[in-house]
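Every number here is computed from the coordinates shown, using simple stated rules; none is lab data. The structure presented is a predicted model; accordingly, all values stated were derived computationally and were not measured. Please note: Cβ atoms are built from the backbone with ideal geometry, for glycine as well, and neighbour counts cover all protein chains shown.
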Amino acid sequence: MVRCVVCSNVSPRMLGPLCVACATKLPRADWHVPKLVHSNVASNRAEVWLIDPWGQRHAVGDRTSVGRLSQFDTLVISDRSVSADHALLRKSASGWKVRDRGSTNGTHVNGQRFVREQLLQHLCIIRFSSLGFYFWNDSELPTGECVAAPLSTAPANALRSMELIGPLRQRLLLRPHAADVPVNARGMVQFFDPMGAVKHDQLSRLQYQLLHRLCLQAMASDFPDGRFVSTNELCRVLPFQSPRPTSANVRQVVKTLRCALRAIGIVEAEGTDAHAMIESREYLGYRITWRPRYLDTSQ
């Protein structure tokens with residue numbers, strides 16, 4: 001097992017180099033997900049690292065900007081509460097410092113907001129607006145496995161049946177056609193309402209693959225907002241006929257899938273409605289709100 005780099009405890013549940021307890025000490029907003037953060041600094045140029053609440057490690061060079069806009073040598077945080085040019089991390093003769101560049105929502109070190117520049121200590125917590133990071137004052141990469149692994153384009157488990165449990169204990173079975181290969185898989189859905197009625201419908205290849213991808217992401221993430229799949233990811237992995245699918249293509253598949261779900265009795269509202277099985281959120285993408293799991297082969 002890997003020891004947490006902050007508290008040195010060994011935990012069966014780790015988020016990269018952090019135990020769950022230390023990861024939860026980092027501030028973050030409800031809408032934050034791992035995909036919102038990335039560094040444009042190459043790993044081989046890292047002088048120090050920042051560790052986010054999901055255990056992802058982001059390289060920092062000797063002079064690295066932090067902000068919402070993607071530029072050379074920048075830690076990019078795609079959150080509107082973060083200013084375009086929010087802060088600067090730099091190496092000085094006295095040590096590493098962070099400078100706030102007049103951001104709207106400020107930069108904090110260990111909970112204290114400062115006006116100009118602040119000296120950083122190893123494993124202090126830096127917060128840019130509402131998102132926090134541990135400062136790792138070493139060029140060596142902190143150990144541990146990252147939690148935000150991308151989904152493959154043709155998962156081997158695409159032919160496994162799934163069960164989704166709704167907020168009112170409704171059940172939806174997602175079953176693939178056995179004759180299909182994973183990358184072309186189609187399937188059917190069976191809906192069991194709380195009164196015992198059963199309805200079913202066939203799903204197209206795109207509808208099945210979309211629902212399956214959302215289920216995979218939901219099972220892979222420990223965080224509710226980590227269950228979103230971005231529109232760009234869906235454009236990349238769904239089997240569109242167009243060589244360059246767009247967000248409009250994804251929206252059309254989502255629309256037809258919602259229609260199919262309504263046809264078998266699932267109240268599927270649009271957008272961010274709390275009762276929607278498929279929730280959409282600007283900048284984040286789509287997620288499944290019901291709880292999925294694999295069915296036993298005997299079922």
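When Lys and Arg each count +1 and Asp and Glu each count -1, what net charge do the other residues less than 12 Å away from GLN207, Cβ to Cβ, add up to? Can you show the working numbers first?
Working: positive: ARG186, ARG205, ARG213, LYS255, ARG258; negative: ASP201.
Combined, the nearby Lys, Arg, Asp and Glu give +4.
Placing unit charges on C-beta atoms (Lys and Arg positive, Asp and Glu negative, everything else neutral), compute the dipole magnitude of segment 1-91 about its Cα centre in debye, rounded to 20.
Values: 12 positive and 7 negative charges, 34 e Å.
The calculation lands at about 160 debye.
Are there chymotrypsin sites (Phe, Trp or Tyr not before Pro) in segment 89-130 that DSSP puts in a loop and that have at most 14 other Cβ atoms within 10 Å, and which ones?
Values: sites: TRP96, PHE114, PHE128; in loops: PHE114.
Answer in residue order: PHE114.
Tell me whether segment 1-62 comes out rounded, prolate or oblate; compute the Cα gyration tensor, take square roots of the eigenvalues as a ≥ b ≥ c, and use a/c under 1.5 as the rounded threshold. Could you put the intermediate results ahead of the total?
Details: a/c = 2.40, a/b = 1.31, b/c = 1.83.
Oblate, because a/c is 1.5 or more while a/b does not exceed b/c.
Using DSSP loop states and a limit of at most 12 other Cβ atoms within 10 Å to flag GluC sites (Glu not before Pro), what is the longest stretch of the chain containing no flagged site? Each step should come with its number before you reach the end.
On the way: sites that count: GLU140, GLU270, GLU282.
The segment 1-139 is the longest one with no such site.
Please label the shape of the chain as rounded, prolate or oblate, based on the square roots a ≥ b ≥ c of the eigenvalues of the alpha-carbon gyration tensor (a/c under 1.5 means rounded; beyond that, a/b larger than b/c means prolate, else oblate). Each step should come with its number before you reach the end.
Details: a/c = 2.32, a/b = 2.09, b/c = 1.11.
It is prolate, given that a/c is not under 1.5 and a/b is the larger ratio.
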Notebook entry, point to check: Among ASN44, ASN110, ASN232, which one shows the biggest mean-square fluctuation in a GNM of the chain, springs joining Cα atoms closer than 10 Å?
Noted result: ASN44
Note to self: I'd like the FRET efficiency for ASN40 and ARG99, computed as 1/(1 + (r/R0)^6) with the beta carbon distance as r and R0 of 25 Å, rounded to 0.05.
What the structure shows: 0.85
Note to self: Could you check the spin-label model distance between GLN202 and CYS235? Points 7 Å from the Cα along Cα→Cβ, value in nm.
What the structure shows: 3.1 nm
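Just subtract the alpha-carbon distance of MET188 and GLN71 from 0.36 nm times their residue separation and send over the number in nm, one decimal.
Working: separation 117, 0.36 × 117 = 42.12 nm, distance 4.51 nm.
That works out to 37.6 nm of additional length.
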Next item on the list: Just subtract the alpha-carbon distance of TYR294 and THR143 from 0.36 nm times their residue separation and send over the number in nm, one decimal.
Entry: 51.3 nm
Next item on the list: For the chain, give the magnitude of the charge dipole about the Cα centre (Cβ charges: +1 Lys/Arg, -1 Asp/Glu; no others), in debye to the nearest 20.
Entry: 200 debye
